[in-house]
Amino acid sequence: MQNTKLYKPDYSIYPGEYVPLLNEKEVSDQLKRKHKDDIIHPPVNMTELTESFKIEVAMPGIKREELLILANGNVISVYAIHKEKENGIHKRGNIRLHEFDCNCFDRHIILPENVDTEFVSAKFKEGILRMHVPKTKRPSKNVNTRIIVY
C-alpha cells in the first residue's frame, strides 16, 4: 500500500497485520469532488435479531483498507474509495470495453433509536461488509465513533 494523502501512515488496525486507515477529511474532500452519478450507493440488507441488528453491505472489488465506517448517533456511514490499478492486462491488449476506473462508495444507514453504535463489530470478507450493532434499552447517545473493520 503506497503512502498517499488518503491514508494515515501512523495508524493501523489492532490486532492483526498492519493496515493503514483512511484519512476522514481526505475521503470527504474526494467524495465532494466526484459527480453524484460517479458515487455508488451499495445495496444493504438489515436483519433485526434478538440482541442486535445484522447489517450487510455489498461492496464488490473493494479491499478492507479502502473502507471508512463512521457512526454518529444512530446513523452509520460507510465510505470506500477504490482506484482500479493498472495491471499488465490493459497494457498488453486493446481494451474493448472499460466501464469502471474509480469507484466511490457512499451509504448512510439509519438505525432505530435503540442501538449502541459505540460497540459495533465489523468484518469484511469476499466483497461483503458485515456489521453487528447491539441493541440497548435507552436511546443511543450522539457518539461519533470510527468503526474498525476486521
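No value in this document is a laboratory result; all are computed from the given coordinates. Bear in mind the structure is a predicted one, so any value in this text is a computation, not a measurement. Neighbour counts run over all protein chains shown; Cβ positions are idealised from the backbone, glycine included.
The modelled label-to-label distance between Val44 and Leu97, using points 7 Å beyond Cα along the C-beta direction, is 3.1 nm. Seen from Leu129, the other residues with C-beta closer than 10 Å to its C-beta sum to a net charge of +4, counting Lys and Arg as +1 and Asp and Glu as -1.
Cβ-to-Cβ counts within 10 Å put Leu49, Leu97, Leu129, Leu31 in ascending order as Leu97, Leu49, Leu31, Leu129, the fewest first.
Distances between placed amide hydrogens fall under 5 Å for Ile128 paired with Met59, all partners being 5 or more residues away or on another chain.
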